[in-house]
Amino acid sequence: MAKASQESIDLLHIGAKEAIQLLGSSLEAGLTHAEVEARLKQYGYNEVPEKKANSLVRFAKKFWGLSAWMLELIIILSWILHKYSDLYIVTALLVVNAILSFAQEQRASGALESLRSRLHVTSRVLRDGVWGLLPARELVPGDIVRLRSGDFVPADVKIVSGEVSVDQSTLTGESMEVEKGPDDVLYSGSIVRRGEGTVIVLLTGARTYYGRTIELVQLARPKLHIEEVISKIVRWLFVVVGVLLAITLVASLLRGIPLLEILPLMLVLLLGAVPVALPVMFTFSLALGSMQLAKKGVLVTRLSALDDAASMDVLCVDKTGTITMNRLALAGVIPLNGFSEQEVILYGAMASQEANQDPIDMAFIAAARQRGLMDRFVQKSFHPFNPNTRRTEAHVEMDGRDLVAMKGAVNIVAQACSLESGMIRNVERRTDSLAQKGYRALAVAVAEGQSQPKLVGLVTLSDVLRPDSAKLIRELKQLGVSVKMLTGDALSIAREIAGAVGLGQNISRAADLAKLASLDAAKAAEIAEHSDGFAEIYPEDKYTVVKVLQAKGHLVGMTGDGVNDAPALRQAEVGIAVSNATDVAKGAASVVLTDDSLASIVDLVKNGRIIYQRIATWIINKISRTILKSAFVVFSFLITGKIIVSAFVMMLMMFLTDFVKISLSTDNARASQEPATWNVIALVKVAAMLGLFMVVEAFGLLYVGFRYFGLAANDQALYTFAFETLFYFAMFSIFVVRERGHFWNSMPSKTLLAAIGLDTMLGTALATIGIPGLHPLPPRITLTVFIYTMVSSLLVNDFIKYLAIRKADIRW
């Protein structure tokens, strides 16, 4: 068959005989070897080609970007100025940062591998009139395949003959098996639980339902907000240095100073501004947070997901596995013909067997055991469900009586009971009514000895609600996170479940959203934003919902457990695979829950917001200190004509202060009650206010040094005095910016206090004893600088910060 003709016909919606004819196949002989070869060339193998990025290219990209450019410019300037020690140190920092960033991205994509491995199975195929076992990878459209109980469906196929019961839970997430017969379609990824049949292959590889899921996982790429935040911070640091350097260049030209004499100043400014500890600070904070979460049953597989969890304002929860337990239970019992509700459950349990672990059987047994009914009878024989009889049947003994109990499809059991036509119509009406609400109904009957079976009643089945799902939704709402339920259930049953767990009743059909998204994206986004959930959903729809919400500016989380959830889990900023999720879902997710408790999702959000507070503290501190160092160096140069901070001293400052602030990742911080938004402009405003006040205070201290300590005539002492000024401001400013209120409102962590204490003692010792490049100062001068910076920081600057934060739009 020509490719154009196959694509022009929807093979999934035509009869099996017509599909055989259109695909040029035969039930007697299958395809010939020549036809298979031609179709392999036309359609390719039954697999999805993997898209792999070149590792060397990815690593090389780590040396491209604002942070890397700053370090590379420092390396060039150090080489020009023959400062080789600076060159070696900064080169090492550049390489280490690149390696750390690259290693963080090296987590293997288990989602794609798990999906492909499901296609690496063998199939019974008819070719050239002979049945044989072949790798499923070699299947082509038109192949005749035999499926039996336990087989994995290797492609999208249509049943030609036979009846089967299939498990589609890895695709749809729904726990109930589905019965399929002639002309029905079986999707790749399903598992045959009962029965057998002959099928014709319709679609293979990327064209199958399973293949489209693989492609969606490949295409899904969440926006990495943390990278955007880092870029914004580095740009602002560039702006600070660029403005001050421009001022210096203009002033130098007016004074006739050669440009080559400005190069050392440029090197000092860049060394003071480059955020060498920024990647380490982010990575260490997130890694520490992930270790803390691991103790609570939360495995973070992509570190940036922790930062995104802080800003997450929408969580899409897959009903199965998150709101419900993916375990069937009796939803309702309708006794008939004078029988009681307890008798319906009892006789249904009689017609069940625990050893089979059938979901429906287990639902009846659990209900009977809960009521203490399982000890009332002895099962002598059991006939399991099969697609031909469409019922289970058991011979049992109870109270000395021999009984035959059965349960199964309503029409089949009704016929076995030889009901009158009026009674059958009444039962069918009830069944239709339940079906419209999304429930599946089964009938239960019993007979004594060889007598006619009597219809005992009807039973409806549904997935069991998780006991903690309502609490989870309530707590997330209190944290400002909107929760939306995604389910493949009918609209009516979806609304009923949403009401039971405290979600609103505004549930929409996923198909309506998908249709609207193609016509009016803005309107679709508005509907998605205000809906409490979506019913009758397919994998592509879950992916669409996440994309639509992201387009509206939301940071989206997604929980799931099945293959059908994988694309949405990968696309969401925070993809959460629950504990019983498939390997595919876990591989696609950025967070995996390792126990059954959903409370860990709340822990994830709170932990992320605490980390946000710590990183925000680092940002404010870094920008304010960059303003202080750069302005202090530039304006002192313009006033005195001297570069009072050497490149060596600036690098020493960088190691003493920037890296010690990594201990901020252990600080005591409080989680906000609202999603944390990275408002970098607001953080810069607060930092700028603090930085400008510190600049004024630093020049006040420099005046004291010139006036009372004779620094104007002693350049070596001036260098050390400038080092102490910048160093102590750096230490005390940590206490100021770590607390959004006043600095005394909370205690720093013991680790942070120890790090600051040790660093302060080391810096004081270096300035007092002296090292090459740092002249020793008398203790009285060091004590003066210490007290001055402490009072300025803890009294004046703390009050300024308190006011600035309240005027800025910062959530804390």
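Per the Debye formula on identical point scatterers at the alpha carbon atoms of the range 657-803, with no solvent, log10 I(q)/I(0) at q = 0.11, 0.18 Å⁻¹ is -0.47, -1.11. The range 568-603 and the range 389-412 have Cα centres spaced 41 Å apart.
Counting only helical runs of four or more DSSP H residues, what would the 222 nm mean residue ellipticity of the chain come to if each run contributes -39,500 (n - 2.57) and the total is spread over all its residues? Please list the in-between numbers first.
Working: 31 runs with 409 residues, N = 812.
Estimated from H runs of four or more residues: -16000 deg cm²/dmol.
A straight Cα-to-Cα reach below 16 Å connects Lys17 with the lysines Lys158, residues fewer than 8 places away in its own chain not being considered. Our note on the geometry: Cα centres of the range 756-807 and the range 338-356, 79 Å apart. Since only Ile681, Leu656, Ile805 are under comparison, the one whose Cα sits farthest along the positive direction of the charge dipole of the chain, derived from C-beta charges on Lys, Arg, Asp and Glu, is Leu656.
Looking at the square roots a ≥ b ≥ c of the eigenvalues of the Cα gyration tensor of the range 316-362, which shape do they give, rounded for a/c under 1.5, prolate if a/b is larger than b/c, or oblate?
Since a/c reaches 1.5 but b/c is at least a/b, the shape of the range 316-362 is classed as oblate.
Here the Kirkwood formula, the inverse mean of 1/r across different C-alpha pairs, assigns the range 337-410 a hydrodynamic radius of 12.4 Å.
Applied to the range 198-203, the Karplus parametrisation 6.51 cos²θ - 1.76 cosθ + 1.60 on θ = phi - 60° returns per-residue 3J(HN,Hα) values of 9, 10, 10, 6, 9, 10 Hz, with x for Gly and Pro.
Protection proxy ranking of 358-367, 325-334, by the mean of other Cβ atoms within 10 Å over each peptide's residues and highest first, is 358-367, 325-334.
Between the residues Gly705, Leu758, His742, the greatest Cα displacement towards the positive end of the dipole of the range 679-791, with unit charges on the Cβ of Lys, Arg, Asp and Glu, is found for His742. Converting phi to 3J(HN,Hα) with the Karplus coefficients 6.51, -1.76 and 1.60 and the offset θ = phi - 60°, the range 27-37 yields 5, 7, 10, x, 8, 8, 4, 5, 5, 5, 4 Hz in sequence order, with x at every glycine or proline.
For the range 515-659, the direction-averaged projected area of the alpha-carbon convex hull comes to 14.1 nm². For semi-axes √(5λ) of the Cα gyration tensor in Å, the value computed from the atomic coordinates appears in the list (1) 50, 38, 27; (2) 69, 31, 20; (3) 45, 37, 25 under label (2). Within the shell of other residues whose beta carbon sits under 14 angstrom from the beta carbon of Phe377, the net charge comes to -2, with Lys and Arg scored +1 and Asp and Glu -1.
Grab the other residues whose beta carbon is less than 10 angstrom from that of Asn668, score K and R as +1, D and E as -1, and report the net. In short, +2.
Its Cα centre serving as origin, the chain has a Cβ charge dipole (Lys and Arg +1, Asp and Glu -1) of approximately 2480 debye. For the chain, with all protein chains in place and a probe radius of 1.4 Å, 59% of the accessible heavy-atom surface sits on carbon or sulfur. For the range 362-478, the dipole from Cβ point charges (+1 on Lys and Arg, -1 on Asp and Glu) about the Cα centre works out to 480 debye, to the nearest 20.
In summary, the lysines within cross-link reach of Lys547, defined as a Cα separation below 16 angstrom excluding same-chain residues under 8 places away, comprise Lys223, Lys484, Lys515, Lys523.
The values are calculated or read from the model by the stated rules, or taken from the named source; none is laboratory data. Here the structure is a predicted model, which means the values were calculated and not measured. Note: ideal-geometry Cβ built from the backbone for every residue, glycine included; neighbour counts use all protein chains shown. Remember, those area values only see protein heavy atoms, side chains included, never the ligands or the DNA or RNA. Shrake-Rupley method; radii C 1.70, N 1.55, O 1.52, S 1.80 Å.
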